[in-house]
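J.: What follows is a single structure, and I will ask about it in a moment.
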Amino acid sequence: MGRVSQLRARVFLQDVLLLSLSAFGGPQAHIALMLDQLVERRKYLTAEELMELNALCQLLPGPTSTQTITAIGFKLGGYSLAWLTLLVWAFPACLMMSMIALMMGYVQSFGFELRLLRFLGPIAVGFTLVAAVRLFRASVHSLTEWGVALSSLTACIVLTNSITFPAVLLMGGLVSMILDRKPLEKQEYGLGGIQWQYFIIYGVILLLAVVLGNVYRDHWVLLFENLYRYGSLVFGGGHSLFPMMFEQFVDVKKYLSPAEFLSGLGLAQAIPGPVFSFAAFVGAGAFSDSGFPSMLLGALVGSVAIFLPGTLLIFFIYPGWDDLKKNRGVRRSLAGVHAAAAGLIAASAVILLRPLGFQSLNLMVVALSFLGMYALHIPPILLVSMGIVAGVVWS
């Protein structure tokens with residue numbers, strides 16, 4: 001394994017598996033668990049090193065907590081341990097979401113109606129609002145950041161398409177870099193250690209997927225291209241991903257119905273591990289008319305497509321992070337990216353609620369799930385279980 005013994009590597013992977021089966025609550029909660037398990041208990045790295053890695057991953061598109069734990073594996077054992085870390089971390093959640101998609105397809109074939117899960121959509125919207133409020137509290141402080149966040153929120157609600165979402169994040173970073181004049185320590189930096197071959201691989205895969213998808217219009221290639229592109233463009237965690245996926249796979253391609261998408265999204269909040277594993281559910285659902293083998297393959301394609309770009313970007317940039325993090329422009333732009341992501345996530349709550357309708361019952365469930373998770377700290381799995389029971393009783 002390179003830098004650590006094989007025994008130490010196995011122990012580390014066991015710790016990663018334990019985290020993957022217990023990490024509820026999204027990237028912020030994941031980092032807290034990593035701090036407890038990997039820093040305090042096992043001392044694989046210091047708290048400062050963990051926060052530094054997390055800061056790097058927030059600069060990059062993709063699943064932040066997944067990239068962070070993959071980078072820890074890289075730090076300890078190089079590329080081989082990093083790949084194994086990614087597999088052990090993401091596989092349980094992707095498997096669970098695949099099984100959920102298969103189960104939903106199976107029960108629907110016997111006449112099961114998704115109205116029994118009718119409260120999971122509003123509950124998922126409540127969870128999204130919690131993520132938005134937490135990101136606002138953590139990332140939006142100055143007048144500039146409030147302006148960026150509110151502009152992002154407005155733009156994403158008015159112009160709901162896959163181009164708007166990455167555009168507001170890039171503009172937020174640019175505005176922050178230009179307007180933020182807080183003094184920073186002057187430091188020289190270079191690009192030593194950057195592994196350009198991984199960036200080339202990342203770009204070639206993206207280009208091939210786009211070209212082949214547009215030339216052949218193949219169902220499988222388009223699924224891979226869409227999810228690989230989203231994994232390449234999404235900042236702000238999984239909640240930034242959901243409105244893009246809804247717009248593409250529900251509104252445009254009709255792979256899933258709004259009820260199927262939102263029911264799966266609600267269930268995704270109740271399982272541990274990376275939220276990006278929702279791509280496995282979407283990949284399986286895209287082939288729900290083709291039988292279970294095709295659904296399983298679709299889940300595999302979706303999982304690989306969503307996690308691969310962020311991993312390649314980590315391999316590209318992490319070796320040169322010590323130099324890159326000294327760049328003033330990079331450090332100043334991060335505040336604007338985070339503020340724009342907060343507005344995007346807040347907008348996604350509205351976007352996800354639109355197909356459900358703004359009836360009083362839906363709004364009440366959104367409010368109750370928000371208060372339950374944010375104010376009362378009820379675990380998401382319990383809220384989802386309560387929503388399923390309530391849906392059965394209501395039906």
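Every read-out reported here was derived from the displayed coordinates using simple, explicitly stated rules and does not represent laboratory data. The structure presented is a predicted model; accordingly, all values stated were derived computationally and were not measured. Positions of Cβ are backbone-derived with ideal geometry, glycine not excepted, and every protein chain shown enters the neighbour counts.
J.: What list do you get for Trp146, Trp321, Trp196 if you sort them by fewest beta carbons within 10 Å?
T.: Working: Trp146 15, Trp321 18, Trp196 11.
Taking fewest neighbouring Cβ atoms as first place, the list is Trp196, Trp146, Trp321.
J.: In whole Hz and in residue order, list the ³J(HN,Hα) couplings for the stretch 371-379 that follow from phi through the Karplus curve 6.51 cos²θ - 1.76 cosθ + 1.60, θ = phi - 60°; x for Gly and Pro.
T.: Whole-Hz 3J(HN,Hα) from phi for the stretch 371-379: 5, x, 7, 7, 8, 9, 6, 6, x.
J.: Now for a separate question. Can you check what the net charge comes to around Ile351, using other residues whose Cβ is under 13 Å from the Cβ of Ile351 (Lys, Arg +1; Asp, Glu -1)? Could the numbers behind the result be given before it?
T.: Working: positive: Arg354; negative: Glu247, Asp251.
Value of the local net charge: -1.
J.: Whole-Hz Karplus ³J(HN,Hα) for the stretch 87-103, in order, using 6.51 cos²θ - 1.76 cosθ + 1.60 and θ = phi - 60°, x for Gly and Pro?
T.: 4, 5, 6, 8, 4, x, 5, 5, 5, 5, 5, 5, 5, 4, 5, 5, 5
J.: Can you tell me which of 121-131, 8-18 comes out highest on packing, and rank the rest after it, using the mean Cβ neighbours within 10 Å?
T.: Working: 121-131: 27.7, 8-18: 17.1.
Highest to lowest by the protection proxy: 121-131, 8-18.
J.: On to the next question. Output the peptides 362-375, 71-84 sorted from most to least packed, where packing is the average of other Cβ atoms within 10 Å over each peptide's residues.
T.: Values: 362-375: 18.2, 71-84: 20.1.
Order by mean packing, descending: 71-84, 362-375.
J.: What does the net charge come to around Val304 if you take all other residues with beta carbon closer than 15 Å to its beta carbon, with K and R at +1 and D and E at -1? Working shown, then result.
T.: On the way: positive: Arg229; negative: Glu225.
Once positives and negatives cancel, what remains is 0.
J.: Quickly rank 210-217, 308-315, 282-289 as a protection proxy: mean count of other C-beta atoms within 10 Å, highest first.
T.: Final packing ranking: 282-289, 308-315, 210-217.
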